[in-house]
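Here's the structure we're looking at; comments come further down.
Every number in this text was worked out from the coordinates using simple rules, so none of it is lab data. Source: prediction; values computed, not measured. Cβ coordinates were reconstructed from backbone atoms using ideal geometry, including for glycine residues, and neighbour counts include every protein chain displayed.
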Amino acid sequence: MAKLKKTILVVDDESDSRIILRDTLLEAGYEVLEAADGVMALGLLEKRTVDLLITDRSMPGMGGLELLTKLRDKKLMIPALMVSAYGEESFWGQAIGLGAVDYLLKPFKDTDVLKSVQKILSGQKND
């Protein structure tokens, strides 16, 4: 039986960021789902299983930290990569505490995204 593609949910209110991430991940062979905010992401996660969540920190309605909190409350243990244009250490500590496995500062390079995604997904297999 052929190995199924890993599915990644990209959550960002900035369409340009979503498009860059989507295109990078599709080109690398991943299946990509997209959401413009945390509320939309939660709706998708009720219907689909994903292997990795990439979420922006700041979004209208529900930001990345609140999304991670809600996932944790629902016992959905999905590894997350947090992205943000802001680099405060206290924020990153909160994100890691809520289940983020890694984080990247915007603007990021495609190679940095793929390196982080591969690291996170390969770590999953070792659990």
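A few points about this structure:
- Calculated from backbone phi, Karplus (6.51, -1.76, 1.60) coupling profile of the range 85-91 in Hz, x at Gly/Pro: 8, 10, x, 5, 5, 4, 5
- For residue 102, nonlocal amide neighbours, meaning residues 5 or more places apart or on other chains whose placed amide H falls under 5 Å from its own, are 80, 82.
- Between residue 59 and 64, the built amide H atoms are under 5 Å apart, and every one of these is 5 or more places off in sequence or on another chain.
- Entry note, the range 58-115: relative contact order of 36 percent, from Cα contacts under 8 Å with a spacing of 6+ residues.
- Per-residue HN-Hα couplings for the range 17-28 [Karplus 6.51, -1.76, 1.60; θ = phi - 60°; Hz; x = Gly/Pro]: 5, 4, 5, 4, 4, 4, 4, 4, 6, 4, 4, 7
- In this structure the amide hydrogen of residue 37, modeled in the peptide plane, comes within under 5 Å of the amide hydrogens of 12, none closer than 5 places in sequence on its chain.
- Taken about its Cα centre, the range 18-70 carries a charge dipole of roughly 140 debye when the Cβ of each Lys and Arg holds +1 and the Cβ of each Asp and Glu holds -1.
- Mean separation of Cα pairs under 8 Å and 6 or more residues apart, divided by the residue count, gives the range 1-84 a relative contact order of 31 percent.
- Computed from backbone phi, the HN-Hα couplings of the range 68-76 come to 4, 4, 5, 4, 4, 4, 8, 6, 8 Hz, rounded to whole numbers (Karplus: 6.51 cos²θ - 1.76 cosθ + 1.60, θ = phi - 60°; Gly and Pro given as x).
- Each of the peptides 93-100, 44-51 was scored by the mean count of other Cβ atoms within 10 Å over its residues; in descending order, highest first, they stand as 93-100, 44-51.
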